[in-house]
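Student: The structure's right below; bear with me while I get my questions together.
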């Protein structure tokens with residue numbers, strides 16, 4: 001009875017659900033403290049104290065009719081949008097105004113809004129494997145076609161030669177995600193410059209506009225003072241999608257924004273259409289209390305020491321066991337090479353030691369597994385004996 | 001550069017924006033207290049004190065990692081869904097369980113989720129004029145075709161004879177909205193019974209499933225103790241979309257739910273698909289803090305005395321001037337017959353008296369205008385001299 005487009009989705013989702021249910025079953029059987037669930041990207045760091053303080057201040061100070069009311073524009077409160085723009089300008093030397101910002105229901109909401117805004121049926125959206133599997137669903141929602149560039153497993157930087165050959169007159173957008181889920185890699189400035197040059201040349205060659213969509217939920221989660229280039233400064237047709245899910249540990253509250261700079265072709269029309277898309281997709285506006293919360297917490301710095309400690313312990317522990325893995329510079333994922341070709345076999349073997357991981361196939365990169373280390377440090381320490389036993393099966 | 005589908009939307013939205021901007025301009029020129037803006041359905045009643053209390057309790061009592069985290073299921077917190085189900089069972093004698101409830105980003109989010117779940121391109125969705133214009137956008141999002149039944153301007157009950165002729169083998173859903181925006185009419189139990197009988201017969205005739213989608217953001221806003229039938233009890237294939245926007249004055253917070261009863265054909269598949277649609281449309285889950293808030297406020301009764309007083313004053317005042325109008329039994333709208341055929345002319349004339357109204361054409365019912373009386377009582381009282389002057393131009 002359901003839509004044909006949804007049928008495959010439901011089957012696939014049942015597989016993920018089965019995995020989740022297995023985790024729950026294992027926790028019941030062995031005790032939650034004896035199950036090492038590295039499958040989910042749900043931050044284990046609580047929201048900073050400033051979030052609670054901001055909510056209470058807002059409840060005390062603001063008129064509830066405004067605080068909980070529809071915003072005048074579907075794009076959000078004018079003052080919140082201005083605060084976000086000024087914060088970006090201070091941090092990245094950009095020159096955005098409030099009108100360039102659209103508050104969104106997280107980054108997932110923002111990506112849907114911009115793809116709804118831009119895509120005609122059959123338009124192509126290029127992304128680089130390994131990538132967050134939802135990009136395929138979001139593109140499919142608007143009858144676009146997702147085109148994959150194969151992974152460079154030596155560095156997990158994008159394969160730009162292959163990218164160049166895959167751009168066609170039907171290419172409407174390119175999605176990049178840096179710091180990257182699932183690899184934790186940050187695209188270097190050199191990579192970004194070459195990517196931008198290729199896109200500029202192809203725009204000229206085909207006489208088209210190709211939008212670079214930068215999905216940045218992990219922007220604040222970087223280690224060793226690595227710089228994450230701000231992409232609007234390298235390529236004019238860049239649109240940024242951001243989320244406070246990770247930086248303020250508010251994933252369930254669904255709050256983020258899109259940046260649509262003046263430099264984007266027909267930016268006024270794109271902004272108007274994105275405003276309308278926010279309305280007609282049923283978001284209507286980003287949750288109002290949380291809009292005001294993030295504005296009040298705009299200068300809050302993300303404490304990444306928690307994740308950094310997890311990263312060092314898990315990375316070091318796995319390397320010691322003999323596993324191969326790129327050391328992540330950002331996000332909270334390790335992307336580990338499976339010691340056997342079929343990584344699903346490896347995931348199954350890990351379950352014997354109560355270790356749950358996601359197969360790389362879910363990110364269009366078989367032969368690898370993803371471990372989300374946004375868990376308690378104790379979980380990581382206690383998982384290491386299991387990893388050592390697991391390693392003995394292969395090395 | 002934007003999608004073809006969005007082009008018409010942007011043009012239309014500019015018209016609404018122009019109206020909104022005119023209101024702002026008028027407020028600046030004449031003072032906000034001298035402009036009588038009846039155009040927006042943004043509740044002027046503050047959220048009840050229990051909402052603030054609930055938020056503060058939740059911040060004090062709940063683990064922030066859970067309170068602001070992703071919910072395990074995209075359909076929402078299990079305890080919240082169970083609380084909603086039990087509350088409905090107590091009030092309406094239904095027998096829902098938590099699994100039948102999907103928490104949504106308002107009713108607009110819920111309608112998008114269920115239409116994404118059900119519609120194949122070309123499927124028909126029937127609704128009764130006058131209707132909330134967004135039904136057309138939501139249906140169009142999934143390449144469905146909205147089919148209108150013309151208005152019965154004598155009663156504003158649905159025209160069931162015409163409805164029957166418009167059901168085809170391609171009819172996938174019927175959307176009803178009672179209490180109704182823009183008329184304030186509540187569909188009688190007799191209407192619902194006849195509507196259900198027609199749909200049952202057509203399901204049999206065509207061997208299809210036709211879903212009745214009940215959009216109920218105004219369920220709690222009824223006057224004179226009028227009963228609003230709970231539609232799942234009259235027709236098995238009924239899906240309910242609800243929002244707390246009006247009942248708890250939380251429109252900006254985007255919180256509501258869908259009810260998908262076991263009686264719906266293939267209800268498990270529909271529930272799974274709606275769960276997936278919630279994820280892939282980018283909602284991911286309804287805002288978590290607000291999910292917990294509505295569960296805590298589940299027995300809060302909406303104080304409708306504010307709206308009732310506005311209703312009596314505005315309805316009485318307009319009748320005295322000679323305007324024709326059905327007395328609304330619910331919601332917070334008056335649907336007034338334009339004294340001239342072209343109601344846009346009437347709206348333009350009203351602006352001379354600083355009165356802003358929405359033309360009925362926006363609801364597929366030209367010749368009428370909608371007034372939203374969710375404004376301060378003072379605004380209504382102070383607008384009446386203007387209406388008297390306006391009436392003199394016609395009667």
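Bear in mind these aren't lab numbers, they're just calculated from the coordinates by the rules spelled out. Just so we're clear, the structure is a prediction, and the values are computed from it rather than from any experiment. All Cβ positions, even for glycine, are placed from backbone atoms using ideal geometry, and neighbour counts span all protein chains on display.
Student: For n ≥ 4 DSSP H runs only, could you compute -39500 (n - 2.57) per run for chain B, divide by its residues and tell me the 222 nm figure to the nearest 500?
Tutor: Theoretical 222 nm ellipticity from helices: -13500 deg cm²/dmol.
Student: Another question, if that's okay. When only Cα pairs under 8 Å and 6 or more residues apart are kept, what is the percent relative contact order across the range B:49-296?
Tutor: 27 percent
Student: At a 10 angstrom cut-off on C-beta neighbours, averaged per residue, how do the peptides B:275-287, A:287-299 rank from highest to lowest?
Tutor: Taking the mean over residues of other Cβ atoms within 10 Å, the ranking is B:275-287, A:287-299.
Student: Still on this structure: On average, how many beta carbons from a partner chain sit within 10 Å of the beta carbon of a residue in A:245-254?
Tutor: The per-residue average across the peptide is 6.
Student: Using only Cα atoms, locate the centre of the range B:72-114 and the centre of the range B:253-330, then give the distance between them in Å, rounded to an integer.
Tutor: If you average the Cα positions of each part, the centres end up 12 Å apart.
Student: While we're on this one: Note the angle between two axes, namely the Cα long axis of helix A:4-30 and the longest principal axis of the Cα atoms of chain A, as a number of degrees from 0 to 90, rounded to the nearest 10.
Tutor: It works out to around 50 degrees.
Student: So if I take the centroid of the Cα atoms in the range B:133-165 and the same for the range B:341-355, what is the distance between those two points in Å?
Tutor: 26 Å
Student: Taking one equal scatterer on every alpha-carbon of chain A, how large is log10 of I(q)/I(0) by Debye at q = 0.08 1/Å?
Tutor: -0.43
Student: Shape verdict for the range B:57-118, please, from the Cα gyration tensor: rounded (a/c under 1.5), prolate (a/b greater than b/c) or oblate.
Tutor: Judged from the Cα gyration tensor, the range B:57-118 comes out oblate (a/c at least 1.5, b/c at or above a/b).
Student: So what are the range B:19-82's ellipsoid semi-axes, whole angstrom, largest first, if each one is the square root of 5 times an eigenvalue of the alpha-carbon gyration tensor?
Tutor: 40, 15, 12
Student: Viscosity 1.567 mPa s, temperature 4 °C: Stokes-Einstein D of the protein assembly as shown from its Kirkwood Cα radius, in µm² per second?
Tutor: Using the Kirkwood radius from Cα pairs, D works out to 47 µm²/s.
Student: Sticking with this one: Per q in 0.09, 0.13 Å⁻¹, report the Debye log10 I(q)/I(0) for the range A:70-296, using one uniform scatterer on each alpha carbon and no solvent.
Tutor: -0.33, -0.71
Student: Using all alpha carbons of the range A:233-277, what is the percent of pairwise distances in each 10 Å bin, ordered from the shortest bin to the longest?
Tutor: 25, 41, 29, 5
Student: What number results when the radius of gyration of the range B:1-113, computed over Cα atoms, is divided by 2.2 N^0.38 Å?
Tutor: Ratio of Rg to 2.2 N^0.38 Å for the range B:1-113: 1.58.
Student: In Å³ and rounded to a whole number, note down the convex hull volume per residue for the Cα atoms of the range B:142-199.
Tutor: It comes to 95 Å³ per residue, whole-number rounded.
Student: Peptide B:67-77: average number of partner chain Cβ atoms within 10 Å per residue?
Tutor: Taking all residues of B:67-77 together, the mean is 5.
Student: Give the order of A:165, B:117 when sorted by the count of other beta carbons within 10 angstrom, beginning with the fewest.
Tutor: Arranged by neighbour count, lowest to highest, A:165, B:117 become A:165, B:117.
Student: For chain B, find the longest principal axis of its Cα atoms and tell me its angle to the long axis of helix B:189-206, 0 to 90°, nearest 10.
Tutor: Value to nearest ten degrees: 50.
Student: Compute the acute angle (0 to 90°) between the alpha-carbon long axis of helix A:78-92 and the principal axis of greatest extent of the alpha-carbon atoms of chain A; round to the nearest 10°.
Tutor: Roughly 60 degrees, rounded to the nearest 10.
Student: Percent of alpha carbon pairs in the range B:206-270 separated by more than 20 Å?
Tutor: Percentage above 20 Å: 38.
Student: Here is a follow-up. Which whole number gives the average, over all residues in A:95-108, of C-beta atoms from other chains lying within 10 Å of the residue C-beta?
Tutor: Across A:95-108, the average partner-chain Cβ count within 10 Å equals 2.
Student: A further question follows. Viscosity 0.890 mPa s, temperature 25 °C: give me the Stokes-Einstein translational D for the range B:169-237 in µm²/s, with Rh taken as the Kirkwood radius over C-alpha pairs.
Tutor: D = 192 µm²/s.
Student: Here's another thing I want to ask about it. Going by average Cβ density within 10 Å per residue, which order do the peptides B:21-29, A:265-273, A:122-130 take, highest to lowest?
Tutor: The peptides rank, most packed first, as A:122-130, A:265-273, B:21-29.
Student: Let me ask something else about it. Quick one: in the range B:243-395, what % of C-alpha pairs are over 19 Å apart?
Tutor: I get 65 percent for the Cα pairs in the range B:243-395 exceeding 19 Å.
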